[in-house]
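First comes the structure, then the notes that go with it.
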Amino acid sequence: MTRIGKPDRRQPRRSKRVVCVVGALAGTLAVAACGGGSSAGAGSSTSPSAGGVYHVGASMILSGPAAAYGANMTGGMQAYFKYVNAHGGVNGKQIQLDTADGGLVASSTIQSLKTLVSQDHDIVVGGLLPSSGVQGARSTITALKTTVLEGSPIGQDVNPQYSPLFYGGGGPIYPADAYIQTNFAKAQVIKGNAHPRIGLIYEISSATVAYGNVIKKLAQQNGWDLVDTESYQVGTTSFASQAAKMAAAKPDYIFASFDESNFAFIKALQAAGVKAPIIANQGGPTAQQLQQLAYPGLYVERAYVYPVGNSPVVKQYLARVKQYGGGADPTNHITQYGYVQAQIIVAVLQKCGADCTTDKFTSTIGGMHSIPTGGFTFAPVSYSKADAGGFPTSAFYTWDTSTNKLVKLPNLYTWPQS
Amino acid sequence: MLKLEAMLSGVPLLTAIYALLTVGLVLVFRATRVLNFSAGALGLVGAYMTYELQRGLNDFYPALVLGLICAFAFGGLAYRLILAPISGSRANVGASTDVGVLLGTIVLASAIGAAVPFLAGSQPINYSIPLPGWKWRAGAFNLNSLDVIAFAVMVVVVVLIGQGTMRLPLGLRMRAAADRPRLAGYFSVNTTNIAMVSWAIAAVVGTLAVLAYAASAELDPSSGNNLGAALFPALLLGGLDSIIGCLIGAVLLALVQSAAVVYLGGNWLSVAPYFFLLAVLIIRPHGFFGRGEFSRL
């Protein structure tokens, strides 16, 4: 390749440039990885937390195509922690949130857990902790002897409880989602149709694959005809072909476990002419997206209230996320996961006391069977050895296209059923 | 048969999006010999600027024109202020195979990916373009106005860029700067300006691609990186320096991706194109239309 310039002078300069750019790349990624969370500073206290600070860790997805998850979860947690700190803290101590990029896979999740627990001495680790990461990190969590709150738990971890260290800290448990949706569908949507044609859509992760398997099993048990199954990866750029395939299968009803791509997928289904009612999980559309889609018969399962309207709990939440959330999207369900997970941690710390240690936190949370959320969830967060998921109760919302209003349907659905 | 029809439903729009992005990559590669990893991110910036202008003006088409002008300026400045200093050689700023420049494009993409949510928020935006609302269906095959118009725009852009690089003086200077930069310099070709223009045009076509994607799905900060990561098989299939090759590569990538999700399942979406690419490169190491001299870089 022809070049201009003096090779003898340019070569060292180029090497320096490469080094500089690699450094800049590393720096940029480091900044991205830090996200909105406070960095884990050197000289962090050891357990029990000293210096008037509780160190709380959070393993998040802070990079890659699902990085928005981490930003929103961090924002939700900070919104509540900073609010509490601004009002005197817990037991006279402030809460410091240390974040680490756990990504979507076990190796990075393990690394983030070790960093948070061993280096930063966090007494509890929350965050999103996706099922795909936690499955491979079970032995690490056991060895670290630190309680983890999984933002996206799978039934095998919490139902029944895998160990006294595992708790749900976000959405409903994915196989439980499938039972709740099926019970709702049978009671409210699939009425008088003995052999409906069912479509199934889910985002690919350990948790949602488990969800899909339960829906398949329940469809078989109920005599439903599963006519099409579509799965997709985070970051998929087009759903047109899959939507067209679903349309061709002519389902009467569609069960869906969505992620952030829900809006794009439903839009593609509409473009393909699909009109079947859709029963979606909490990752389904936000209230605003429900309005924009105006899809008749789109039902969204929620363990949390939709953050719209003038109820005091919603107004408080929106104000705190705006003030302390670092730009997190308050309408996103993951932001709500973070907010309520922080509520759980604060409640446990209050009971655990000013001298709370890692071990003491674990024994305290194990004895808390009902943690109120002030109406943010449809039932208090409940933990037991039989079910440490925390969020067994859901309601369903839909957008009433005739009145152009968000409607919460009257009944609550619980799994496991008491 | 229904599966085949369903599979083809996604192909026109995906082809348009991938071809628009890859033609920008080819243009930059032709002018600078740099594989630009920030193509999707540059398009994302242009798309957000267009969206903000659309909100301010309350009219899409003037906003589109202004947005593309802004994207042109941003692309050119991104090269002049960030990539050109990294390439380092003032005399030959536009023709570098430097690893530093390559990494610089990755840094730029990462920086844009981090900055957009900070500046514009992380909420996905329901983006729409005022287009005729007609749809055409045959069995499971669906076609709507967005598919057709995006494809038509892509064809026009590819033809204009293809013909422009072959026939216009600017295109000839681009090729000269890339192939024989020293000789081009003797003939008063300003390689820095040539590189800036190629980056500016790439940002414009990238903006069109991201807008087409956003209208079909939504506009969110991860769109640029998702699209940018997805399109490299198209570029390598076609050959790094071939305009027609990038079009063929885009069609093949769209076909392979659509076939994979319809026939094999969603978890094959990102894997299948690379299997296909591997098979093609074993037979044709430089892609379908690439010239061997470039694949050695």
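Which condition number does A:VAL407 fail, the rest of (1) closer than 17 Å to A:GLY168 by Cβ; (2) exposed (fewer than 15 other Cβ atoms within 10 Å of the Cβ); (3) hydrophobic (A, V, I, L, M, F, W, C) being met? In the conditions (1) closer than 17 Å to A:GLY168 by Cβ; (2) exposed (fewer than 15 other Cβ atoms within 10 Å of the Cβ); (3) hydrophobic (A, V, I, L, M, F, W, C), A:VAL407 misses (1) alone. Scan segment A:325-369 for residues that are closer than 30 Å to B:GLN123 by Cβ and aliphatic (A, V, I, L, M) and the total you get is 8. Residues in segment A:249-257 include none that are under 15 Å from A:TYR295 (Cα atoms), within 12 Å of chain B (Cβ to nearest Cβ) and crowded, with 23+ Cβ neighbours inside 10 Å. In segment A:287-322, the qualifying residues are those that are polar (S, T, N, Q) and farther than 12 Å from A:TYR339 by Cβ, and the one that is surrounded by the most Cβ atoms within 10 Å (Cβ to Cβ) is A:GLN289. Scanning segment A:309-327 for residues that are within 14 Å of chain B (Cβ to nearest Cβ) and aliphatic (A, V, I, L, M) gives A:LEU318, A:VAL321. For segment A:258-276, filtered to residues that are small (Gly, Ala, Ser) and within 24 Å of A:ILE180 (Cα to Cα), the residue that is surrounded by the most Cβ atoms within 10 Å (Cβ to Cβ) is A:SER261. Among the residues making up segment A:331-376, those that are surrounded by 24 or more Cβ atoms within 10 Å (Cβ to Cβ) and either among the hydroxyl-bearing types (Ser, Thr, Tyr) or over 16 Å from A:GLY57 (Cβ atoms) (or both) are A:ASN332, A:HIS333, A:ILE334, A:THR335, A:GLN336, A:TYR337, A:TYR339, A:VAL340.
Can you tell me which residue in segment A:200-235 is farthest from A:ALA264 (Cα to Cα), limited to those that are surrounded by fewer than 23 Cβ atoms within 10 Å (Cβ to Cβ), within 11 Å of another protein chain (Cβ to nearest Cβ) and touching a Pro at 6+ places or on another chain (Cβ under 7 Å)? It comes out as A:ASP228. Counting only helices (runs of 4 or more DSSP H) that fall entirely inside segment B:1-73 and contain at least 1 residues that are acidic (Asp, Glu), the qualifying elements are B:2-9, B:39-57. Residues of segment B:121-148 that are assigned to a strand (DSSP E or B), surrounded by fewer than 21 Cβ atoms within 10 Å (Cβ to Cβ) and without any contact (Cβ under 8 Å) to a residue 40 or more places away in the chain: B:LYS135, B:TRP136, B:ARG137.
So which residues in segment A:258-282 are under 12 Å from A:VAL300 (Cα atoms) and within 14 Å of another protein chain (Cβ to nearest Cβ), if there are any at all? If the condition is that a residue be under 12 Å from A:VAL300 (Cα atoms) and within 14 Å of another protein chain (Cβ to nearest Cβ), then A:PHE258, A:ASN262 are the ones that fit.
Only a single criterion out of (1) facing chain B (nearest Cβ under 7 Å); (2) more than 19 Å from the chain's Cα centre (by Cα); (3) not in a loop (DSSP other than H, G, I, E, B) is not satisfied by A:SER238, namely (3). A:ALA256 meets each of the listed conditions (1) farther than 23 Å from A:TYR80 by Cα; (2) part of a helix (DSSP H, G or I) apart from (2). Starting from segment B:210-222, keep only residues that are at the interface with chain A (Cβ under 10 Å from one of its Cβ atoms), then list their pairs with residues that are part of a helix (DSSP H, G or I) and hydroxyl-bearing (Ser, Thr, Tyr) whose Cβ atoms are within a distance under 8 Å, requiring at least 6 positions of separation or different chains. Going by the 8 Å Cβ cut-off, the qualifying pairs are B:TYR213/B:SER223; B:ALA214/B:TYR51; B:ALA214/B:SER223; B:ALA217/B:SER223.
Among the conditions (1) over 19 Å from the mean Cα position of the chain (by Cα); (2) more than 14 Å from every other protein chain (Cβ to nearest Cβ), the only one that A:VAL300 does not satisfy is (1).
Bear in mind that the values in this text are calculations on the coordinates, not laboratory data. Small disclaimer: the values here were computed from a predicted structure and weren't measured. Here Cβ is always computed from backbone atoms with ideal geometry, including for glycine, and neighbour counts include all displayed protein chains.
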